[in-house]
Every structure is written in C-alpha cells, then in structure tokens.
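These notes concern the structure reproduced below.
A short reminder: the numbers here are calculations on the coordinates, not readings from a lab. A quick note: this is a predicted structure, and the numbers were derived from the prediction, not measured. All Cβ positions, glycine included, derive from the backbone under ideal geometry; neighbour counts span all protein chains shown.
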Amino acid sequence: MGGYFSRRRNAARAVARFRHPDYVRWIKAGQALKCCGEGLIDFCTDIIVRFHRSLVVQHGLAECPFPGNIKKVTKDGRSWKVNCACGVCDVWLRSIESQLATGQFSWKNSNVQEWPIHPWQLAKIFMGPGKDPGSYDPADTDTAGFLQLILNCRLFAGKLDGNKVQLVRTDRNNIMHSENLKVKSTDLTTYLDHMIDLLREPALQNFASAQSAIVEINKIRTMSLDVNLTEVRQLETSMWKEMIADQQATNKKVFLV
C-alpha cells in the first residue's frame with residue numbers, strides 16, 4: 001500500500017507542477033531547445049563528414065593496424081600523444097588538434113580506435129566532457145553539444161554568427177541551471193527569438209531540418225500543455241535527463257515548484 005500511495009503523491013505533485021505557468025514555460029523552453037538542436041544536426045554533420053572525408057583522401061588514412069590495443073590520448077609536456085606506434089592514430093590526432101579553437105574539449109568523449117571509421121567520434125572531442133565514447137550517431141548529441149562544437153571547432157569559424165550561437169548557449173544554460181525550474185513569460189519570448197534568429201542564418205537556409213525547427217519553435221509559443229499524466233512524464237523526461245547531467249557537473253541542487 002505504501003508504494004501505491006507514494007505513486008499517487010508523486011502523480012499529484014506532477015500535475016500540480018503543470019498548473020504553475022512558470023514551470024510550463026520551463027518545459028516549453030526545453031522543448032524549444034530540443035527543436036533547436038534538431039535544426040543544427042544536419043548542418044553540423046555535413047561539416048564534420050566533409051572534414052573526415054578530406055583527411056582520408058589527403059592522407060590515405062586507413063584503420064589502425066593494432067585494433068586490439070586500448071588507445072588513450074595523454075599530455076606529453078605541451079603536446080598531446082596517442083599511446084600507439086602505428087603512425088595512423090598520430091596523424092588523426094594532429095589533424096583534429098589543428099581545429100581546436102578554444103581550450104574547451106575532451107579527448108575522453110571519443111574512441112580513438114574509431115576515428116578513421118566514424119566521423120562523429122571527431123565531433124565529440126570539441127564538446128564538453130561527459131559524452132558517451134561509444135556513441136557515433138549525431139542524433140545522440142544534445143543541443144549543448146552542437147553549440148559547443150560550433151564554438152570550439154575552427155571548421156565552423158565564420159559560418160554562423162558567433163554572437164547568435166553564444167546567445168542561445170547562454171539561454172540554454174539559464175534554462176537548464178534554473179534552480180526552481182521556472183521561466184518568466186518575457187524570458188521565454190526572448191529565448192525562442194534567439195533560437196529562431198540563429199536558425200535563420202544564411203548557412204542554414206538549405207538545410208530542411210533547420211527550417212522545420214523554426215516552424216516547430218514557433219508552434220511552441222502558443223502550445224498548450226493541458227495534457228494527461230503520461231504525456232506530462234514524456235515531456236519532462238526530455239528536460240530532466242539533460243538538466244540532471246548539468247546538476248551533477250556543477251553540484252547544484254534543483255528545487256521543484
């Protein structure tokens with residue numbers, strides 16, 4: 001019986017949260033962020049795949065001849081190195097390193113062995129720590145990851161307005177780091193405007209995913225969240241996974257409304 005009443009209490013709290021307009025706007029902001037990331041995925045993938053292909057053609061790079069070795073990138077004085085004597089891994093390392101625009105990157109996000117095989121293993125290096133090294137599908141990357149990639153990788157320099165990218169990144173952090181899970185009406189409008197402004201960049205005009213994301217974000221402006229409990233849980237899940245990861249990284253506590 002205790003479990004039953006506990007579930008009922010949790011369900012009641014969830015419904016109560018959705019009666020709070022600021023919490024509803026927090027959910028809307030998170031849904032818009034998800035749409036924004038989906039709008040950037042094809043653009044980012046295209047640039048990374050082209051870079052990966054150019055390295056293969058330029059250097060005639062093949063797979064590492066020592067697949068059984070567990071490879072890691074470590075610091076040797078001022079230089080990075082791979083603990084592999086094949087020569088192939090080192091060429092990949094130097095090529096990736098040449099595209100590091102800032103000090104924000106994480107070699108641990110990727111699997112060195114898969115650099116010659118899966119282009120997205122390269123992309124994850126330019127993102128913040130905590131990405132799954134076993135994932136090579138861009139669809140597994142969250143919006144923060146795409147924004148970090150664009151800002152931290154030289155391949156994207158000049159392709160998008162950096163100020164617009166930074167605005168969305170700041171908005172994203174404000175949303176995900178909100179201690180009380182609330183967003184004011186004026187802030188939500190600003191967040192959505194910033195996302196749409198970024199997705200309207202000329203470099204994104206030919207990507208259908210970006211144009212579709214603009215449509216979806218505009219729908220969120222007037223979206224009603226008068227939904228049943230199952231749908232409430234589904235909407236919350238997409239927000240909480242990313243928010244909890246941020247909470248763990250920053251040791252911040254989150255307080256429910």
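Sticking to Cα atoms, compute the Rg of the stretch 21-245 to one decimal and its Dmax as the biggest Cα-Cα distance, whole number, in Å.
Both quantities, over Cα of the stretch 21-245: 19.2, 60 Å.
Which pairs break 25 Å Cα to Cα here: 219/241; 81/164; 131/241; 184/241; 34/81?
Violating the 25 Å Cα-Cα cut-off are 81/164; 34/81.
Can you list residues whose amide H is under 5 Å from residue 153's amide H, if they're 5+ apart or on another chain and H is modeled 1.01 Å from N?
Those qualifying (amide H under 5 Å, at least 5 residues apart or on another chain) are 101.
Over what distance in Å are the Cα centres of the stretch 147-205 and the stretch 67-137 separated?
27 Å
Each residue of the stretch 109-123 in order: what ³J(HN,Hα) in whole Hz does its phi give by Karplus 6.51 cos²θ - 1.76 cosθ + 1.60, θ = phi - 60°, with x for Gly and Pro?
Couplings: 6, 10, 9, 3, 4, 9, 3, x, 9, 10, x, 5, 5, 6, 4 Hz.
Which residue, 37, 129, 87, has the largest displacement toward the positive end of the dipole of the stretch 21-245 when charges sit on each Cβ (Lys, Arg +1; Asp, Glu -1)?
Of the options given, the answer is 87.
Which log10 I(q)/I(0) values does the stretch 92-217 give at q = 0.11 Å⁻¹ under the Debye formula, counting every alpha carbon as one identical point scatterer?
The computed values of log10 I(q)/I(0) come out as -0.43.
If you project the alpha carbons of the stretch 129-178 onto their three principal axes, what span does each projection cover, largest first, in Å?
Result for the stretch 129-178: principal-axis Cα extents of 32, 32, 17 Å.
With an 8 Å cut-off on Cα pairs and a minimum separation of 6 or more residues, tell me the relative contact order of the stretch 21-245 in percent.
Here the relative contact order equals 30 percent.
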